[in-house]
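Structure first, then comments.
The values are calculated or read from the model by the stated rules, or taken from the named source; none is laboratory data. All values derive from a computational prediction rather than experimental measurement. Positions of Cβ are backbone-derived with ideal geometry, glycine not excepted, and every protein chain shown enters the neighbour counts.
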Ligand code: SF4
Ligand code: SF4
């Protein structure tokens, strides 16, 4: 995987069902402020940002959507797969108040990583409470994966 600073495009895949109610703006806020799942990217790094949904269960549309994206950014922006990093939104990858992680998460990962060859990270928006506990050194996600 390319170092985070070398990435040029962040694509967030969000849960299609959750997005029937959610605008997804908290994912964008987290990206813009480089909080939650985006703390590894320097704020002054010139990064493009795109969100898309999985298209609904079982998430198969992710392959079509990301294939289209890869072709278009190569043709029009001269960007390669290595320039792109995909994030699974917290509502897909973390146990949260919307529900447990996506039941098809391994299928999504297989398509994104194995079939499309894209780099993948998990998590986007992290709740203010978890963020505060992390800053205070009181919360380790590995030990407490139930909060996003
Ligand atoms: S992580 Fe939160 S803000 Fe982002 S799409 Fe899911 S529910 Fe919406
Ligand atoms: S496949 Fe997962 S992420 Fe997509 S709509 Fe179903 S539960 Fe949500």
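Points worth noting:
- Taking the range 98-129 as the range and being at pLDDT below 90 and within 15 Å of ligand 2 (Cβ to nearest atom) as the test, the residues that pass are 98, 99, 100.
- In the range 59-70, the residues that are touching a residue at least 12 places away in the same chain (Cβ under 8 Å) reach residues that are within 14 Å of ligand 2 (Cβ to nearest atom) and in a helix (DSSP H, G or I) with C-beta atoms within less than 7 angstrom, at least six apart or across chains, in these pairs: 59/107; 59/108; 62/108; 62/111; 62/112; 63/111; 66/112.
- Within the range 15-57, the residues that satisfy the criterion of being out of contact with any strand residue (DSSP E or B) (no Cβ under 7 Å at 6 or more places or on another chain), part of a loop (DSSP other than H, G, I, E, B) and under 26 Å from residue 78 (Cα atoms) are 34, 40, 41, 42, 43, 44, 45, 46.
- Taken together, 12, 85 contain a single residue that is within 13 Å of ligand 2 (Cβ to nearest atom) and either under 21 Å from residue 129 (Cα atoms) or assigned to a strand (DSSP E or B) (or both), which is 12.
- When 76, 121 are checked against the criterion of being surrounded by fewer than 19 Cβ atoms within 10 Å (Cβ to Cβ), under 15 Å from the mean Cα position of the chain (by Cα) and farther than 20 Å from residue 60 by Cβ, 121 stands alone in meeting it.
- Residue in the range 133-141 that is within 16 Å of ligand 1 (Cβ to nearest atom) and modelled with pLDDT under 95 present: yes
- Taken over the range 31-68, residues that are at negative phi and within 14 Å of ligand 2 (Cβ to nearest atom) amount to 13.
- Of all residues in the range 9-48 being within 16 Å of residue 127 (Cβ to Cβ) and surrounded by 21 or more Cβ atoms within 10 Å (Cβ to Cβ), the one that is nearest to ligand 1 (Cβ to nearest atom): 27
- For the range 79-99, the candidate set comprises residues that are more than 21 Å from residue 47 (Cβ to Cβ) and crowded, with 24+ Cβ neighbours inside 10 Å; within that set, the residue that is farthest from ligand 1 (Cβ to nearest atom) is 94.
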